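A quick write-up on the structure given underneath.
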Amino acid sequence: MRVGFIVDHPKRDLGGAVRIAHALASRGAETCLISLYDQGVDVPLLDLDVLVVNYARPVNLELVKGYVAQGIPVFVLDTEGGVLSQEGANSIRGLIEYMSQSPYAELLSGYLFWGSLLRDAFAEAGILAPDGLHLTGCPRFDVAGPRWRDTLTYQTDGYILVNANFPLVNPAFARDAGEETKVLVGSGWKQDYVSRMVEDQKSILAGFIDTVHRLAVRFPQRRFLVRPHPFESEAIYRTRFADIGNVTVDGSGNVLNLICHCACLLHLNCGTSIEAVMLERLPVSMEFLNTEHMANHSTLPSRISLKADSFEQLAAILEDMSSAYRRFDFGATYRDHIHGFFHDNDGAAGDRVAETLLAAPARTRRLGLVGRVACSLGSSRVSSRMGQRLQAAAANLMGTRAAAWLRSRVQVARQDKILDADVVRGLAQSFAGHEGRPEPIVGYARHPVLRLPLSSVLVRPRCAVGASQGN
């Protein structure tokens, strides 16, 4: 069996994707990790048995229609499925309303849920048949459970980790906040709601940076590691902290590795507070910087954190961290506030996803080689634009790996979303070695006709060495 998995942002999502690939390989199945930007071209060429997309939103609806038209069963495992808003498009009510009104309910073969709250809401609303709703947890958090925690390595420890969360007003993949606003409004958010978020986040960001600067001066012997959100530009942080010796700005790697080795986590309205609780590292929320609108937008990060209502309270926590740890009940916090959104912290989400996909309905029909290439040339859309067809033709002629590299020279921000087979191999080896299993075979998939490398990375079980390479 060959499973496709769309990887939105490797920095955030690759670990979970490889965890699924590891679980599938241990059961004899292959996994194709597919770059978000190249999916329309690569998916038809990979001859998949089932495909997992990273969300069900208006922006990828035409693609999903195209995949289903090719006969591929499509499942959803949300990239951002845990920290839900109180209102708006990313609230439980907003997601239910959209799914009820969109064609997705007729298109999807199944939905893989991070937690029971959203799964139960879908079930109550009658979205998809009951056997299409699967409570799995999210595999990217598997390494936070005791089973896999030893795989989280980092070159140092004991630093104070500061996680920023301002992609709306400091975007890495858009020109400005206006462009990000259009995306959110197009996804179902109300214009005035998003505009309020933009104004609040601008003021919070300024106070956030000033606070970290004050802390670094107040505690010169402490090391501070500032990590921008994966969708944020790092430039503003590097500029502001360039002359502060005990502050490092580093957005590389998986945030779970950094959380595992920190002394504590400082944040505001950031979902990584959940991972901190999972890993039993103290999350501290800088509430004195918050606004009512942003606090209500996503209440979970504040509820599960130790709150600092003033700069002096924040400084006091850092001065006596051992007392702060004694006051914080990690087990009760997870049980009472997190479990319903994220399910069990048992390191087995990847296994539950793998078992669900292996039991997926058989592909209804398969295209021949000519049909697969034709769909690729149409970017998998039922009705593609001329620009999409031209780009797909170029990607087929040179292979999507080369095409993605060339495009990233022009759109530099896209470099962060290119999949690296060596990184995938390292992660796969780490999972396999931890369990004493044979390392899987990892390499770039290839075009079925021209044999050129695709940007998608193929992970095959070791027993499949004699099988055909790529496609």
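The values are calculated or read from the model by the stated rules, or taken from the named source; none is laboratory data. What you see is a predicted model; the values in this text were computed from it and never measured. Cβ: placed from backbone, ideal geometry, glycine included. Neighbour counts: every protein chain shown. Accessible surface areas use protein heavy atoms only, side chains included; no ligands, DNA or RNA. Shrake-Rupley method; radii C 1.70, N 1.55, O 1.52, S 1.80 Å.
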Study note, to complete from the structure: Which residues qualify? For VAL50, with a placed amide H closer than 5 Å and at least 5 residues away or on another chain, they are ARG2, GLY4
Exercise for review: Only helical DSSP H runs with n ≥ 4 go in: add -39500 (n - 2.57) per run for the chain, normalise by residue count and round the 222 nm mean residue ellipticity to 500 deg cm²/dmol.
Suggested key: -12500 deg cm²/dmol
Review point. If we count every other residue with Cβ under 15 angstrom of ALA324's Cβ, Lys/Arg +1 and Asp/Glu -1, where does the sum land?
Key: -2
Check your understanding: Hey, how many Å between the Cα centroid of the range 385-414 and the Cα centroid of the range 135-184?
Key -> 27
**Study point:** Accessible-area ranking of ASP210, ASP42, largest first, probe 1.4 Å
**Key:** ASP210, ASP42
Exercise for review: Taking H placed 1.01 Å from N in the peptide plane, check which residues at least 5 places from LYS307 or on another chain put their amide H under 5 Å from its amide H.
Suggested key: SER285
Point to revise | Around PHE122: net Lys/Arg minus Asp/Glu count, Cβ-Cβ under 13 Å | key: -3
**Study point:** Around ASP336: net Lys/Arg minus Asp/Glu count, Cβ-Cβ under 11 Å
**Key:** +1
Exercise for review: Work out the charge dipole of the chain with +1 on the Cβ of Lys and Arg and -1 on the Cβ of Asp and Glu about the Cα centre, then indicate which of LEU268, THR156, SER384 is farthest towards its positive end.
Suggested key: SER384
Review point. Once you sort the root eigenvalues of the Cα gyration tensor of the range 148-306 as a ≥ b ≥ c, which label holds: rounded (a/c under 1.5), prolate (a/b larger than b/c) or oblate (the other case)?
Key: prolate
Review point. Got a number for the accessible area of MET286? Probe 1.4 Å, square angstrom, nearest 10.
Key: 0
Revision key, fill the gap. Taking alpha-carbon centroids only, the range 1-65 lies from the range 109-124 a number of Å equal to 20
Point to revise | Among PHE208, ALA374, LEU107 the positive-end extreme of the charge dipole of the chain (Cβ point charges) | key: ALA374
Practice item. State the number of lysine pairs found in the chain whose Cα atoms come within less than 25 Å, restricting to pairs 8 or more positions apart or on distinct chains. Key: 10
Check your understanding: What percent does the relative contact order of the chain come to when contacts are Cα pairs within less than 8 Å and at least six residues apart?
Key -> 24
Check your understanding: Which ³J(HN,Hα) values, rounded to whole Hz and listed in residue order, are derived for the range 71-87 from phi using the Karplus coefficients 6.51, -1.76 and 1.60 in 6.51 cos²θ - 1.76 cosθ + 1.60 with θ = phi - 60°, glycine and proline given as x?
Key -> x, 8, x, 10, 10, 10, 10, 4, 5, 10, x, x, 7, 8, 7, 6, 8
Exercise for review: Return the percentage of antiparallel bridges among DSSP beta bridges fully within the chain, rounded to the nearest 5 %.
Suggested key: 20
Review point. What nm distance separates the two modelled labels at ALA402 and ARG385, each placed 7 Å from Cα along Cα→Cβ?
Key: 2.6
Review point. So who's got an amide H within less than 5 Å of the one on ILE160, skipping anything under 5 residues away but keeping other chains? H placed 1.01 Å off N, in plane.
Key: ARG223, PHE224, LEU225, ALA263
